[in-house]
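Novice: Have a look at this one before I ask anything.
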Amino acid sequence: MAGRRVLITGVSRFLGLRLAKRLEQDDEVELVVGVDLEEPPLPIKKLDFVRVDIRNPLIARVLETTKVDTLVHTNIFSSPGRLGGRSQMKENNVIGTMQLLAAAQRAERLERVVMKSSTAVYGSGAGEPSLLPEDHASRQVELSGYGKDCAEAEQYARDYGRRRPEVDLVILRTQNVVGPTVSTSMTDYLSLPMMPTALGFDPRLQFLHEQDAVEALYTALKSESTGIYNIAGDGVVYLSQAIRMLGKVEVPILLPAAQTAASLLRRFGVIDFPTDQLKLMLFGRIVDTRRVKERLGFTPRYSTTETLTDFRDHRGRDELPEPNLRPTWERELFEYLRQRNEQRQTV
């Protein structure tokens, strides 16, 4: 493990940035190579930043010249508005992953590949099991948008694993990431003062705390286990319970008008919630996390309820997180992300 060299895609984004800061403190990591189109906003020791698009064939040259032995792919987006539209999002998620893994195919020094995916690959529906294991994604299901992107990206990863069986491959299917500093479509929705819901539907939801999302990537990078794993906080909450916990007002909407309402919220920039994920707010989605605990040895620190509580108590507050709960670099990152969110809201 000594002298490990790690390449992280999306290093200027939330998960990639925090993972790079996490590796900064790891004496077994010699070098972190960060790939993105924007430079990271915080200084990171051991980091060599390379400004390159993963869709560009030049990514193969980066893998070759940096001599990395571990690849962590976090650059998969769920919100089309942040990339300029659905077509750009698909280009990044699917074509970008394809080009990256094609480049990795020729990287002889690679020993381990970790890819962030999403539980969106399971879809959502009225007839789904109450607890979804990893093998459930192998069934035929109609997907669109973000869920389809993740399923196609996973297929490229599995094809790569078959072509390079000597390389350890780990795919992490994360639930919706929520926390004080991360900005996602789900956190945008939970931040609304009045939360629209579909009349007659009260889905069961499961969340993953932002710190646990980073720690899951770190554990997958350090472990010797391989495979596909669901990552989510323990326990579930009903949407109605979440709304009461957050102290928000529920606004029930008739189902035929729900998609129209979601489209209007996106159009006016209130929330970047993809309409293809609307079924999640109707039927919910709960995944089985026993495999990741038993094989990868990862147990989230925050339960689903505790994740919501931390989101409620620290989201948008002026003070920094308590020093005894989060290290200095996380407090610096918290302050940066809070300021960035405030700037986004004033634009």
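The values are calculated or read from the model by the stated rules, or taken from the named source; none is laboratory data. Here the structure is a predicted model, which is why all the values come from computation and not from measurement. Cβ: placed from backbone, ideal geometry, glycine included. Neighbour counts: every protein chain shown.
Novice: Being more than 25 Å from Lys222 (Cβ to Cβ), at pLDDT 55 or above and touching a Lys or Arg at 6+ places or on another chain (Cβ under 6 Å) narrows it down to one of Leu280, Leu308, Leu246, Leu254, so name that one.
Specialist: Just one listed residue meets the conditions, Leu246.
Novice: Does Ser144 count as closer than 18 Å to Asn176 by Cα, under 18 Å from the mean Cα position of the chain (by Cα) and at pLDDT 95 or above?
Specialist: No; evaluated as a whole, the condition is false for this residue.
Novice: If you take the residues in the stretch 60-96 that are touching a strand residue (DSSP E or B) at 6+ places or on another chain (Cβ under 7 Å) and in a helix (DSSP H, G or I), which one is surrounded by the most Cβ atoms within 10 Å (Cβ to Cβ)?
Specialist: Only one residue tops the list, namely Leu63.
For every residue, the table says whether it meets (1) on the phi < 0 side of the Ramachandran plot; (2) surrounded by fewer than 20 Cβ atoms within 10 Å (Cβ to Cβ); (3) part of a helix (DSSP H, G or I); (4) of a type in the set (Lys, Arg).
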position: Arg109; (1), (2), (3), (4): yes, yes, no, yes
position: Val121; (1), (2), (3), (4): yes, no, yes, no
position: Pro129; (1), (2), (3), (4): yes, yes, no, no
position: Val141; (1), (2), (3), (4): yes, yes, no, no
position: Tyr146; (1), (2), (3), (4): yes, no, yes, no
position: Gly161; (1), (2), (3), (4): yes, yes, yes, no
position: Arg173; (1), (2), (3), (4): yes, no, no, yes
position: Val177; (1), (2), (3), (4): yes, no, no, no
position: Pro180; (1), (2), (3), (4): yes, no, no, no
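Novice: Name the pairs: first residue in the stretch 299-323 and under 15 Å from Gly233 (Cβ atoms), second residue at pLDDT below 95 and among the hydrophobic types (A, V, I, L, M, F, W, C), Cβ to Cβ under 9 Å, at least 6 apart or on different chains?
Specialist: Leu308/Leu190; Phe311/Leu190; Arg312/Leu190
Novice: When residues of the stretch 23-76 are filtered for being free of Cβ contacts under 8 Å to residues at least 24 places away in the same chain and either over 23 Å from Ser223 (Cβ atoms) or among the hydroxyl-bearing types (Ser, Thr, Tyr) (or both), how many remain?
Specialist: Result for the stretch 23-76: 9.
Novice: Do we have Ala137 as part of a helix (DSSP H, G or I) and touching a Phe, Trp or Tyr at 6+ places or on another chain (Cβ under 9 Å) here?
Specialist: yes
Novice: Among Glu224, Glu166, Glu215, Glu154, which is the only one that is within 13 Å of the chain's Cα centre (by Cα) and of a type outside the set (Phe, Trp, Tyr)?
Specialist: Only one candidate passes the filter, namely Glu215.
Novice: Okay, moving on. I need a count of the residues in the stretch 285-295 that are buried (at least 21 other Cβ atoms within 10 Å of the Cβ) and over 18 Å from the mean Cα position of the chain (by Cα).
Specialist: 0
Novice: Then there's this: Taking the criterion of being within 30 Å of Lys148 (Cβ to Cβ), assigned to a helix (DSSP H, G or I) and over 21 Å from the mean Cα position of the chain (by Cα), would at least one residue in the stretch 40-57 satisfy it?
Specialist: The answer is no, given that none of the residues of the stretch 40-57 is within 30 Å of Lys148 (Cβ to Cβ), assigned to a helix (DSSP H, G or I) and over 21 Å from the mean Cα position of the chain (by Cα).
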